[in-house]
Structures are given as structure tokens and as C-alpha cells.
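Okay, structure first, notes after.
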Amino acid sequence: MRPLAILLASPRGFCAGVERAIQTVEESLNRFGAPVFVRHQIVHNPSVVAGLAAKGAVLVEELDEIPDGAPVVFSAHGVAKSVMSEAKRRRLRHVDATCPLVTKVHREVEHHAAAGRKIILIGHAGHPEVVGTMGQALSGSVILVQSAGEAAIIPIDESASYGLVTQTTLSVMDAEEITAILRGRIPKLHEPSKNDICYATTNRQMAVAAIAPLCDAVIVIGGSNSSNSRRLVEIACDAGCRKAILIESVDGLDPLFLNGVTTLGITSGASTPEVLVMELIQHLSNHFEVSVAEIAIATEEVRFRLPASANKSD
């Protein structure tokens, strides 16, 4: 077998918000019994979603799929105020698993709206987090900017005051580029006191950027619809690796991808369980003489409390 050096990026995998969301569903199942409905994927990873489904979680897209009075968990991505109001109206036993760092952005939107500012959100159209964040203010009052090109051409009222918020899972570099353009165009731009992009997203991006120049190829394990996982692929290429791919599990790996690869970087998105990384390394060990080195750029000790409604008694 030919040798293959593996560089493992660290931090990788589950962040505190994802761990909290998964535990929230599990505790809700313990409290209410199955089924517990989950509006949208609790996190963007098919392995996690399938595991919770096996325990009795039922994935739905909208509240009208849920019987009146049934328990429902809102995903880590957050929901619009209208969704929360509808859940209360129908007396659904709702548990909000929104990541606290997403909730922080929601409060910023509310603050800007109360101050009478126009609101700009940097993010990706259609992403559940973006939909939920835009839903914290009146319909049509949040301007979505997805790229530097859009930031350069959106109409600006120079006499108005603007509030700026950001999707938490964006590329740090992309968000900074867009912000710089908006800062140059808007005289009265109120930015968050602390970057909206979450610590875990930032750490995983820095970690993959650290290993990418040392690798012939990089594999990112994550859900195909995971924003933060897709960003890791882009950052690996931008950082100097000649090729990088996103796979959901070892089953998605094309053996031809490893042709000519002597040093392989591996990381995983914030909603990816570590077992999928270990399965990939085990698979590679069956075909190569593998050596593994972990490159750590940060230590994460953040923990979030579960929502009280997930485990309190009726």
C-alpha cells in the first residue's frame, strides 16, 4: 500500500449550538414521548437527522403538517416571528432550539427596527437562518445582500440610518469584503459590536486554511445543504489547496479523487458528527498506509444550556 499522510483540522465537527439542538430534540422525546415534530432539519446533516428520526422525531417543513397540541421543536437555524405566533395560536407545545448566536442576530434586527433604521442582512437567500432572521422585522423591511457585487449596486439613501447584521455561517473573508463596501457607501451604518459570524464557523475556517497549503487535496465532511460546510471547501481552495470536495459520508468518496494525493486534509462542518470522520479515516486505512496528524488552531469550551421547555415537567 502506498503512504497517505492525513492532516486533521481542529476544531472541526459539532459546535455548541448543534450539540444543544440535538440534545433538545432528545430531551423533548424524553419529556413528551414520540412522536416529536421538528420543523425543518434540526441541523443540516442527514446522519444526525436520520438518527433522531429513528428515536421518534418527525421532520416537517411547515406547521400545518403537525396536529394541534402536538410537540414541535424549532431548528437551530431559527424561525420568523410569524411561525412562533402560529405555534402559540395552535397551542403546539413548542420548544425553541435556535442557536443562541442566531438569537443574538434576531435581537439585533429588533433593535435596529425599533430605532427606525433600514436593515441590511448579509446572507444567502433561502437559507433557513436567513428566512428566520428576515422574519424578525416587518415584511420587506430587511434588505438581503448576498455578494460584493450586490453590495456595490443596491440603492442607498444617504440620509437614512442603516443597521447591519450577518448570517452566522458565512465565510469571514466574504462577509468582511461586503461589509467594507457597505461601510464605504453608507455614512450612517450601525455594525454589530461583535462579529455576527459565530466562533465555531470562524475557528473551522481558520483551521482548514491552516492545513490547506500543506495538502494535495482536502475532504470536507458535511451535509450538502450545510452553508458552513460548503464555505470550508471554498476556503481550502482559496488557501492554496489545488482540489477540495464536500462529501456527506465515506460513501460519497470517489477513489479517483485520491489519485496523486500524498497529503490529504480532512475537516468537517459544524453539524457533522465525529464518527463520520473516523469512518473515513478507517476506510482510507484499508487502502493506504495512513499516518494521521492533528493540527489544532484553537480550543473550544463553549457550552449552551438547553431551553427550559425541553426538559421541564408538565
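Computed from the coordinates by the stated procedures, all read-outs in this text should not be read as laboratory data. Given the structure is predicted, the values throughout are model-derived calculations rather than measurements. When we count neighbours, we look across all protein chains shown, and the Cβ atoms used for this are built from the backbone with ideal geometry, even at glycine.
Note on 68, 238, 174: ascending count of other Cβ atoms within 10 Å places them as 68, 238, 174, the fewest first. For segment 226-283 and segment 169-207, write down the distance between their C-alpha centroids in whole Å. Going from one Cα centre to the other spans 25 Å. Relative intensity of segment 133-182 on a log10 scale, I(q)/I(0) at q = 0.14, 0.26, 0.31 Å⁻¹, equals -0.38, -1.20, -1.35, per a Debye sum over C-alpha point scatterers of equal strength in the absence of solvent.
Both numbers refer to the Cα atoms of segment 95-250; Rg and Dmax are 16.6, 54 Å. Partners of residue 118 within straight-line reach, counting lysines whose Cα lies under 19 Å from its Cα and excluding those fewer than 8 residues away in the same chain: 81, 104, 188.
When the convex hull of its Cα atoms is viewed from all sides, the chain shows a mean projected area of 17.2 nm². Taken over the C-alpha atoms, segment 204-248 has Rg and Dmax values of 9.3, 27 angstrom. Projecting the Cα atoms of 293, 266, 308 onto the dipole axis of segment 231-314, where Lys and Arg carry +1 and Asp and Glu carry -1 at the beta carbon, places 308 farthest toward the positive end. Spin-label pair residue 68-residue 159: with each label point 7 Å from Cα along the Cα-Cβ axis, the two points sit 5.1 nm from one another.
Residues 250, 220, ranked from the fewest to the most other C-beta atoms within 10 Å, line up as 250, 220. As a rough footprinting exposure proxy, the listed residues 172, 49, 36 were ranked by other beta carbons within 10 Å of their own, and the order from fewest upward is 172, 49, 36. Name the residues of segment 146-181 whose amide N is less than 11 Å from a point 7 angstrom out from the Cα of residue 188 along the C-beta direction? Answer for segment 146-181: 157-163. Once the Cα-Cα distance is subtracted from the 0.36 nm per residue extended length, the residue 103 to residue 281 segment shows a gain of 60.5 nm.
Size of segment 61-129: Rg and Dmax of its alpha carbons, in Å, are 13.6, 39. With 5 Å bins beginning at zero, the pair-distance distribution over Cα atoms of segment 101-190 amounts to 3, 15, 28, 27, 21, 7, 0 %.
How many angstrom lie between the C-alpha centres of segment 73-106 and segment 29-60? One Cα centre to the other: 16 Å.
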